[in-house]
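The values are calculated or read from the model by the stated rules, or taken from the named source; none is laboratory data. Bear in mind the structure is a predicted one, so any value in this text is a computation, not a measurement. Methodologically, a virtual Cβ is constructed for each residue, glycine included, from the backbone with ideal geometry; neighbour enumeration extends over all protein chains shown.
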């Protein structure tokens, strides 16, 4: 992953993805504490005007004209983006697939992962919101299945990036025996702590993505103050915080 301080706002990019994309830090926006400053979530208590302005900044930083988001619910529904969704936030989905040029799809995060997927030959991109519930539901696998069956994408052709998110250092699950299926228990790195980056990598591999086409940011949002973190906010106060954003889109010439 590479950090791009310019053009602002600052964002990370993957060494693999070729489509316009960015995994944004919390800097470079206009929101006030506790959402300072690049909050991209409408639902956390920030003003809609500031969120709208922040989203315009990240969209412009990637050279895109439109942005589509979803109000995420930790489920497994996949939005097939079309022109009726342009510049909208659609209720009740956790993954987006888009064949539209000049359009980015946005995942909002405050410790959960964004999985950004690019199919260069098919000219389609996807973004997956993956907290632990999304991992249990195998939303990654379901999104790749949809790409294969509905968009003609060969899984081996996909490029994948796993965003900054809760790392194995901080992903503590006291009740993991009730919350996580048995196969995930092998990814416990020390008592009650799990490597969800490795879990997502395994789900990508199981879906047919090639190992050399998977990029993991390896940045923990709770440890790193350049990102919003729900777990950090809970430890310090009441859990109120902003939302980071990860975006991928197709260029105007796609």
| query | Among 67, 38, which is the only one that is assigned to a loop (DSSP other than H, G, I, E, B), in contact with a strand residue (DSSP E or B) (Cβ under 9 Å, 6 or more places away or on another chain), surrounded by 15 or more Cβ atoms within 10 Å (Cβ to Cβ) and touching a residue at least 12 places away in the same chain (Cβ under 8 Å)? | reply | 38
| message | For segment 210-220, check the following and say yes or no: at least one residue is under 27 Å from residue 40 (Cα atoms), assigned to a helix (DSSP H, G or I) and modelled with pLDDT of 95 or more. | response | no
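Counting only residues that are more than 19 Å from residue 230 (Cα to Cα), assigned to a loop (DSSP other than H, G, I, E, B) and under 15 Å from the mean Cα position of the chain (by Cα), how many does segment 20-35 have?
Step one: of segment 20-35, the residues more than 19 Å from residue 230 (Cα to Cα) are 20-22, 28, 30.
Of the ones still in play, those that are also assigned to a loop (DSSP other than H, G, I, E, B) are 20, 28, 30.
So of that shortlist, the ones also under 15 Å from the mean Cα position of the chain (by Cα) come out as 20.
Summing the residues that are more than 19 Å from residue 230 (Cα to Cα), assigned to a loop (DSSP other than H, G, I, E, B) and under 15 Å from the mean Cα position of the chain (by Cα) in segment 20-35 gives 1.
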| request: Residue by residue through segment 42-57, note down the ones that are in contact with a helix residue (DSSP H, G or I) (Cβ under 7 Å, 6 or more places away or on another chain) and in contact (Cβ under 8 Å) with a residue 24 or more places away in the chain. | output: 42
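Considering each of 56, 61 in turn, give the residue that is over 23 Å from residue 223 (Cα atoms) and buried (at least 20 other Cβ atoms within 10 Å of the Cβ).
61
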| note | Of 183, 197, the only residue that is crowded, with 21+ Cβ neighbours inside 10 Å and not in a loop (DSSP other than H, G, I, E, B) is 197
| said: Just checking, does segment 120-137 include any residue being part of a helix (DSSP H, G or I), over 18 Å from residue 243 (Cβ atoms) and either in contact (Cβ under 8 Å) with a residue 24 or more places away in the chain or within 11 Å of the chain's Cα centre (by Cα) (or both)? | reply: yes
